[in-house]
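Okay, so here's the structure we're looking at.
The values are calculated or read from the model by the stated rules, or taken from the named source; none is laboratory data. In this text, all values refer to a predicted model and were calculated from it rather than measured experimentally. So basically every Cβ, Gly included, is an ideal-geometry build from the backbone, and we count neighbours across all protein chains shown.
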């Protein structure tokens with residue numbers, strides 16, 4: 001039995017050695033199994049829409065000190081709120097070179113401090129009524145994109161033996177830490193995701209290492225539209241249609257520009 005295990009281990013080692021021998025002149029950019037790290041700048045737009053109920057318990061419109069109705073809709077229809085910050089992360093993938101054509105699959109994870117902040121000169125009521133003395137309002141909303149991760153398929157073309165132009169499509173999911181400041185401060189974690197597309201240009205750094213490449217690219221993500229019916233433990237309890245509370249939704253998108261390094265180190269075909 002020990003001899004069998006020794007033979008299996010020897011064959012595996014020979015496979016790895018033969019893989020290195022086959023690619024003694026280096027992998028093409030993105031070829032084989034590769035890992036990488038990147039840093040970049042993240043930016044984007046967020047478009048919120050908040051419909052608040054301004055009705056008292058009896059059904060009559062609740063009014064402010066100037067006689068104005070307190071209920072209404074706030075919506076960013078032109079432009080939006082800017083997301084910006086830095087981020088860094090890593091890639092792990094496998095690519096196959098077919099002459100001048102390329103196909104592969106890749107996963108990534110990134111973290112950073114991409115955030116936005118929205119402030120208001122007046123209180124924005126999100127639940128409660130004056131009659132019941134349970135009004136909850138906010139004057140500032142902050143959100144930080146803590147991390148992003150997802151999977152992509154990649155298709156590309158080798159401009160020359162040392163340069164790969166590739167396009168990718170897949171899905172990215174992000175975690176947002178949302179905080180509000182107002183009559184009561186709240187904190188909540190939200191997860192948003194959607195289709196993501198990107199393009200990269202990758203060139204081999206043969207003078208440093210034949211398996212090392214530098215990559216530049218950009219990734220766009222559409223976070224679609226997500227409904228947010230409450231923030232904090234107490235808001236949902238006061239969210240009563242036609243009486244108090246709010247019906248909120250948020251639409252967003254993000255763009256990230258990156259530069260990084262990838263290193264190819266193994267070809268699965270060498271095992272067969």
**OP:** Any chance you could count how many residues in the stretch 212-226 are surrounded by 17 or more Cβ atoms within 10 Å (Cβ to Cβ) and over 30 Å from residue 192 (Cβ atoms)?
**Re:** 2
Subject >> The listed residue being over 15 Å from the mean Cα position of the chain (by Cα), modelled with pLDDT of 75 or more and buried (at least 21 other Cβ atoms within 10 Å of the Cβ), out of 159, 141 >> reply: 141
Original post:
From the set of residues in the stretch 169-204 that are within 17 Å of residue 30 (Cα to Cα) and surrounded by 17 or more Cβ atoms within 10 Å (Cβ to Cβ), which is farthest from the chain's Cα centre (by Cα)?
Top reply: 204
Subject >> Unmet requirement for residue 209, which otherwise passes all of (1) under 24 Å from residue 87 (Cα atoms); (2) surrounded by fewer than 20 Cβ atoms within 10 Å (Cβ to Cβ); (3) at pLDDT 80 or above >> reply: (1)
**OP:** With the condition kept exactly as written, say whether any residue in the stretch 235-250 is crowded, with 18+ Cβ neighbours inside 10 Å, touching a strand residue (DSSP E or B) at 6+ places or on another chain (Cβ under 6 Å) and either within 30 Å of residue 36 (Cα to Cα) or modelled with pLDDT of 65 or more (or both).
**Re:** yes
Subject >> Boolean, residue 156 is in contact with a strand residue (DSSP E or B) (Cβ under 6 Å, 6 or more places away or on another chain), in a strand (DSSP E or B) and within 18 Å of residue 44 (Cβ to Cβ) >> reply: no
Original post:
So how many residues does the stretch 63-88 have that are at positive phi and either modelled with pLDDT of 90 or more or assigned to a loop (DSSP other than H, G, I, E, B) (or both)?
Top reply: 3
